[in-house]
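The values are calculated or read from the model by the stated rules, or taken from the named source; none is laboratory data. The model shown is predicted, which means the values in this text are computed figures rather than measured ones. No Cβ is skipped: glycine too gets one built from the backbone with ideal geometry, and neighbour counts run over all protein chains shown.
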Amino acid sequence: MCKSYFSLNPVLEEENELSIDSNTIDRRYEMFGFGVPELCILVLVVVPIILSTIALVDILRCEFTGQNKLVWVIVIILVPILGFFLYCAIGQKQKVHQSHD
């Protein structure tokens, strides 16, 4: 007998709904092969590491006045995501710009 996805018989539809296994349910919540746990790890762990690394590399490559470099490194390490955005908004203005004479 051929299994149809469209049925006018409500009893068969209920049986089909009951036959959904946990793998089918898990696949409904996947996006590009990632499930909910993987997306949470990506957002909560990987993104802050990438943002912190970008900010730290920029801080260490540039010159700052006084102890600003040390302060920005500590801020980035203690509060990675907020520190990254604060550094982009405030820290960029605190860099010492060298003239190329």
E15 meets each of (1) surrounded by 11 or more Cβ atoms within 10 Å (Cβ to Cβ); (2) of a type outside the set (S, T, Y); (3) modelled with pLDDT of 95 or more with one exception, condition (3)
Only one of (1) out of contact with any helix residue (DSSP H, G or I) (no Cβ under 8 Å at 6 or more places or on another chain); (2) at pLDDT 95 or above does not apply to V43, and that is (2)
Does T24 meet the test of being at pLDDT 90 or above, of a type in the set (S, T, N, Q) and not in a strand (DSSP E or B)?
no
If we keep only residues of segment 60-87 that are in contact (Cβ under 8 Å) with a residue 24 or more places away in the chain and either under 19 Å from P48 (Cβ atoms) or acidic (D, E) (or both), then the residue surrounded by the most Cβ atoms within 10 Å (Cβ to Cβ) is I76
When you check L56 against the structure, is it at pLDDT 85 or above and either more than 19 Å from Q94 (Cα to Cα) or in contact with a helix residue (DSSP H, G or I) (Cβ under 8 Å, 6 or more places away or on another chain) (or both), yes or no?
yes
Which number in (1) at pLDDT 80 or above; (2) at positive phi; (3) under 31 Å from the mean Cα position of the chain (by Cα) marks the one condition that G66 misses?
(3)
